[in-house]
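Everything below concerns the one structure shown next.
The values are calculated or read from the model by the stated rules, or taken from the named source; none is laboratory data. Keep in mind the model is a prediction, meaning the values are calculated, not measured. In this analysis, Cβ positions are derived from the backbone assuming ideal geometry, glycine residues included, and neighbour counts consider all displayed protein chains.
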Amino acid sequence: MKTNDKKLLLYSIVIVVIIAILAPFLASTNPDGLESTAKKLNPEALESEHAFQSLIPDYEIPGLSKGNPLSGVIAILIGVIVVFVIAYGIGYIFKKK
Amino acid sequence: MHIPDGFIPLEQCVIYYIIVIIIGYFAVRWAKNNLDERQIPLLSVLGAGVFAIMALNIPIPWGTSGHMIGSPIVSILLGSPYAGVLVMTVVLIIQSLAFGDGGVTVLGANIFNMGIIGSFVGFYLFKGLKPFIHATPAVFIGSFLAIFIAAIACAVELAIAGIFPLEDGLIFMGIYHAVIGLVGEGVISTVVYIAINNVRPDLISKGCLDSNEN
């Protein structure tokens, strides 16, 4: 990788980490567009259960109190790292030969 | 715009999964023919960035919020809607399996809306507008309409599933996501495009700028 490519990658990672840290503090807790529509048109539908128990439901780290923004920060940082690694792996496997 | 489990009957979920597998095949084929090794860091960091920014819900009127989907700008920067499909598929799978954001049975539908429709509409609007207007407004219009049309598709799918009445579903989903598209998707995508174009214009794929791609 060229030096200026490395520099750009480093800067973009810093920006992404800043977004991940700020998101739980800045994000609106209002329902999103789809949830809001469901609340108006079909509130019963929202009571449906998850078909699969996710590892960190609703970005709440188990053990940390509900609504603790640190929980969201950790969860989003974990997600950011996992997505980066998997996307890199997929890019590496399927890149032009 | 993440559809939760239980909103779409299983037999309809299968149809969206099949569409995603077919488009996914073409996305992998695109990568094998076009994805340059030097683009992999950009692809990965865009994926990570899309994941982070999707957690940042922007408040809009009517006690509602929304976040950008990101696939239009990823497709524009990497020069193919298939790049957006690959990145969004990774992001949506992680959101669903790790964080319960979007159901597992409806994962196909969520990838279809936010990944496939978002990427193709955003990329081809940008590409179509580019000969006539400056790239910056083309990014704004492409990204704005991409999330709007993805929301319209989502409303139609949920009407077919019998969850929302068609007309009201279209009105609410359309209005909410038009606002999210203007203040979220459109503005943020434009800022990202201007920033990368200023520091490293060479990294923006030429795929969408000249006529003889591939």
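Is it fair to say residue A:36 is in a loop (DSSP other than H, G, I, E, B) and at the interface with chain B (Cβ under 7 Å from one of its Cβ atoms)? Judged against the criteria, residue A:36 is not a match.
Failed condition for residue B:108, given (1) more than 19 Å from residue B:32 (Cβ to Cβ); (2) within 11 Å of chain A (Cβ to nearest Cβ), with all others met? The number of the failed condition is (2).
The single condition among (1) touching a helix residue (DSSP H, G or I) at 6+ places or on another chain (Cβ under 8 Å); (2) in a helix (DSSP H, G or I); (3) modelled with pLDDT of 95 or more that residue B:105 does not meet is (2). If you go through the stretch B:121-138 and pick out every residue that is touching a Gly at 6+ places or on another chain (Cβ under 8 Å) and crowded, with 22+ Cβ neighbours inside 10 Å, you end up with 4. With respect to the stated conditions, residue B:83 fails to be in contact with a helix residue (DSSP H, G or I) (Cβ under 7 Å, 6 or more places away or on another chain) and either within 28 Å of residue A:60 (Cα to Cα) or part of a loop (DSSP other than H, G, I, E, B) (or both). Hey, could you check the stretch B:155-173 for residues that are in a loop (DSSP other than H, G, I, E, B) and among the hydrophobic types (A, V, I, L, M, F, W, C) and say which is nearest to residue B:10 (Cα to Cα)? The selected residue is B:161. Taking (1) facing chain B (nearest Cβ under 8 Å); (2) surrounded by 15 or more Cβ atoms within 10 Å (Cβ to Cβ); (3) assigned to a helix (DSSP H, G or I) in turn, residue A:4 satisfies each apart from (2).
If you go through the stretch B:59-69 and keep only what is part of a loop (DSSP other than H, G, I, E, B) and without any contact (Cβ under 8 Å) to a residue 60 or more places away in the chain, you end up with just B:63. Among the residues of the stretch A:37-46, those identified as of a type outside the set (A, V, I, L, M) and over 18 Å from residue B:156 (Cβ atoms) are A:39, A:43, A:44. Checking the stated criteria, residue A:28 turns out not to satisfy the condition of being touching a strand residue (DSSP E or B) at 6+ places or on another chain (Cβ under 6 Å), assigned to a helix (DSSP H, G or I) and either modelled with pLDDT of 90 or more or among the basic types (Lys, Arg) (or both).
Of the candidates A:87, A:75, the single residue that is at the interface with chain B (Cβ under 7 Å from one of its Cβ atoms), more than 13 Å from the chain's Cα centre (by Cα), under 30 Å from residue B:178 (Cα atoms) and hydrophobic (A, V, I, L, M, F, W, C) is A:87.
The sole residue among B:50, B:90 that is in a helix (DSSP H, G or I), under 24 Å from residue B:173 (Cβ atoms) and at pLDDT 95 or above is B:50.
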